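This report refers to the structure that appears directly beneath it.
The values are calculated or read from the model by the stated rules, or taken from the named source; none is laboratory data. Since we're looking at a predicted model, the values are computed, not measured. Please note: Cβ atoms are built from the backbone with ideal geometry, for glycine as well, and neighbour counts cover all protein chains shown. To get the accessible areas, we keep the full protein, side chains included, count just its heavy atoms, and leave off ligands, DNA and RNA. Shrake-Rupley method; radii C 1.70, N 1.55, O 1.52, S 1.80 Å.
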Amino acid sequence: MQTLPAEVARVVGKANGATTRSPRLSPDTCEPKSSMTPRNSCPIGVPCAEAGREWYRCRSLPQTHVPGVCDWLLTPRDRNKTTTALAGVEPVVGSKSAAAQRVQYFLSESCWDPDRVNARRLELLLAQGATAPHAGGVLVIDDSGDRKDGTATAHVGRQWLGRYGKTDSGIVTVSTLWADERLYYPLHARPYTPARHFARGKSDAAFRTKWQIAVELAGRDVTAGMAFRAVLADCAFGDLDDFRGELRTAGLGWVVAVRPKHGTWAYGADA
């Protein structure tokens with residue numbers, strides 16, 4: 001007797017009035033099975049343990065150790081590196097697994113000094129010929145906003161979120177990155193703190209506008225040894241005379257976007 005393929009058998013069974021079980025359910029428990037795409041292993045060039053030693057001195061509590069952290073961070077993944085993706089388990093369902101909880105503990109109870117980690121990262125990039133910055137590259141300045149409800153979280157406030165094209169409650173981070181025609185990588189980032197978080201509002205000495213944060217970050221990039229030809233920014237920064245003036249004072253060339261309503265001028269020979 002000839003055996004029908006599984007898919008054909010299901011169709012024939014339904015046509016004859018037979019009861020069939022969904023292929024996504026387990027025959028024993030009738031519980032949904034994982035719908036994750038099978039993972040393919042991808043070897044990395046440097047053993048995780050060896051690469052991890054580059055960062056151990058950046059910890060504020062050297063005795064703290066989370067097994068597998070380098071595996072989580074260095075092993076390629078085929079989706080965004082959320083806690084479940086870093087742990088290699090299924091989204092939502094796998095969030096309570098031991099592997100995902102270890103990642104969550106590492107992130108929420110981290111003993112790493114972020115400034116020291118970033119400084120070490122830039123040192124390694126500068127030391128490698130394939131990633132070392134050169135004078136033909138550019139420094140890109142941008143801000144990025146994420147929605148965040150409530151008022152208890154640091155840096156949260158009602159402000160313009162370009163990602164969503166509207167004003168909403170969220171957190172905005174100003175960042176810089178270096179790029180050329182081959183590659184790009186982030187350099188520094190700092191969250192913008194709305195004026196309501198300061199005792200004297202915008203008059204407070206510690207308050208910084210987004211463009212002021214951007215200029216300070218560009219200065220840090222120069223101090224870190226990042227060579228580049230010009231600073232690039234969109235009209236959110238380009239429209240601000242103070243921003244362009246500070247770059248000019250710092251001796252940095254710039255190419256920025258401006259809104260059509262914003263007037264520009266040039267010397268006659270350059271017009």
Solvent-accessible area of Arg120, probe 1.4 Å, all protein chains present, reported in Å² to the nearest ten, please. 50 Å²
Probe 1.4 Å, all chains present, heavy atoms only: Asp143 accessible area in Å², nearest 10, is 50 Å²
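Can you classify the stretch 123-271 as rounded, prolate or oblate using the Cα gyration tensor, where a ≥ b ≥ c are the square roots of its eigenvalues, rounded means a/c under 1.5, and otherwise it's prolate if a/b beats b/c and oblate if not? List each step's numbers first, then the result.
Numbers: a/c = 1.86, a/b = 1.30, b/c = 1.43.
Taking the square roots of the gyration eigenvalues as a ≥ b ≥ c, the stretch 123-271 is oblate.
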By accessible area of protein heavy atoms, probe 1.4 Å, what ranking do Lys202, Lys148, Lys261 get, highest first? Lys261, Lys202, Lys148
Considering only the stretch 160-265, percent of DSSP beta bridges that pair antiparallel, nearest 5: 75 percent
With all protein chains modelled, accessible area of Ile171 [1.4 Å, Å²]: 40 Å²
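Within a Cβ distance under 15 Å of Asp221, other residues only, what is the Lys/Arg minus Asp/Glu net charge? Before the final figure, lay out the partial values.
Working: positive: Arg121, Arg190, Arg220, Arg229; negative: Asp115, Glu123, Asp142, Asp180, Glu216, Glu246.
Spelling it out: positives minus negatives among the neighbours equals -2.
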Among Val140, Phe198, Gly170, the residue whose Cα sits farthest towards the positive end of the charge dipole of the stretch 107-240 (+1 at Cβ of Lys and Arg, -1 at Cβ of Asp and Glu, taken about the Cα centre) is Phe198
Potential extension, Ala227-Arg259 segment - 0.36 nm per residue separation minus Cα distance: 8.7 nm
Amide H to amide H under 5 Å from Asp142: which residues, 5+ apart in sequence or cross-chain, H placed 1.01 Å off N in plane? Ser175
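Could you sort Tyr105, Tyr184 by accessible area so the largest value comes first, with the probe set to 1.4 Å? Before the final figure, lay out each step's value.
Details: Tyr105 130, Tyr184 160 Å².
Listed by decreasing accessible area, they come as Tyr184, Tyr105.
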Where the accessible area of the stretch 181-226 is counted over protein heavy atoms with a 1.4 Å probe, how much of it, in %, is carbon and sulfur? 53 percent
Separation of the stretch 102-143 and the stretch 151-176 by C-alpha centroid, Å? 23 Å
